[in-house]
Amino acid sequence: MDLVLGPLRISRLEPETRALGPGQRAVVWFQGCTLSCGGCIAASMNAAPPMLRTTPRALADWILSTGIDGFTLSGGDPFDQPLDALAELLEIVRSESPLGAMVYTGRTLSQLQCLDDPNALRCLRAIDILVDGPYIEELNDGLGWRGSSNQVVHVIGPRSAGAEAGAVTTRKLELRVAPNGLVSFTGLPARKRGCDMGSRLEFAAGNRSASESQNEGEMH
Ligand code: SF4
């Protein structure tokens, strides 16, 4: 992605995964979340500075360049980004491609619908699958594309083929080792596994330090 400074704060980009939604998807992890769910696996990522600050146009161009079936926005909470910029991103990708948008948020759909901000409704109109609600560790049942069973996989747009499996599908956790040895995973960890994932990654990486491993799944 071209380095263009903008309002969207990004922690990580993954050009292809099958672990967070139907088909092969690009994933954007936004930096930052004002909620504080117990057991949040993204806490350290949310507290760290963003890897990148960019514009909706530049981020959309990266998504459109990845050649995938759809894209997933996660975090952090995408709804803690400037909502005009988030809406612009979703609208650009929607208008310039057939890609469907899947978005994770710790807010509920009804909370988002009640926000006194027209940009929130612009976002919702451009989302196809919304996984909503806070992560509750005790309700992590290991199923689906949501972190805990209180969360709902809502189909709210037409580009949502395959979404019916969202609450019951067996989870996938993808591990990657980069050429420089950096280990990362994508997906939804099992209950009480998020906190020890760093040490397990350290083992997988041949005892590289945990700080060298990325521990950035999704707990929504
Ligand atoms: S689980 Fe998601 S919504 Fe909850 S604190 Fe972590 S990033 Fe925020």
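FYI, it's all coordinate maths here, none of it is from the lab. All values derive from a computational prediction rather than experimental measurement. Because the Cβ atoms are built from the backbone with ideal geometry, glycine has one as well, and the counts that use them run over all protein chains shown.
Just to be sure before I move on: is Asp84 at negative phi, among the acidic types (Asp, Glu) and away from the ligand (no atom under 16 Å from the Cβ) in the structure I sent? Judged against the criteria, Asp84 is a match.
Matching residues to (1) touching a residue at least 24 places away in the same chain (Cβ under 8 Å); (2) surrounded by fewer than 22 Cβ atoms within 10 Å (Cβ to Cβ):
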{"site": "Val4", "(1), (2)": "yes, yes"}
{"site": "Arg12", "(1), (2)": "yes, yes"}
{"site": "Gly21", "(1), (2)": "yes, no"}
{"site": "Cys33", "(1), (2)": "yes, no"}
{"site": "Cys40", "(1), (2)": "yes, no"}
{"site": "Ala43", "(1), (2)": "no, yes"}
{"site": "Pro50", "(1), (2)": "yes, yes"}
{"site": "Phe79", "(1), (2)": "yes, no"}
{"site": "Leu83", "(1), (2)": "yes, yes"}
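Against the criterion of being surrounded by fewer than 24 Cβ atoms within 10 Å (Cβ to Cβ), of a type in the set (Ser, Thr, Tyr) and within 20 Å of Asn119 (Cα to Cα), Ser74 does not qualify.
Within the stretch 47-71, restricting attention to residues that are of a type outside the set (A, V, I, L, M, F, W, C) and closer than 15 Å to Leu8 by Cβ, the residue that is nearest to the ligand (Cβ to nearest atom) is Pro50. Taking residues in the stretch 116-140 that are part of a helix (DSSP H, G or I), and partners anywhere that are surrounded by fewer than 21 Cβ atoms within 10 Å (Cβ to Cβ) and of a type in the set (Ser, Thr, Tyr), the pairs with Cβ atoms closer than 7 Å and at least 6 places apart or on different chains are Leu139/Ser149.
With respect to Gly106, determine if the residue is outside any strand (DSSP E or B), surrounded by 23 or more Cβ atoms within 10 Å (Cβ to Cβ), under 15 Å from the mean Cα position of the chain (by Cα) and within 13 Å of the ligand (Cβ to nearest atom). Yes: the conditions hold for Gly106.
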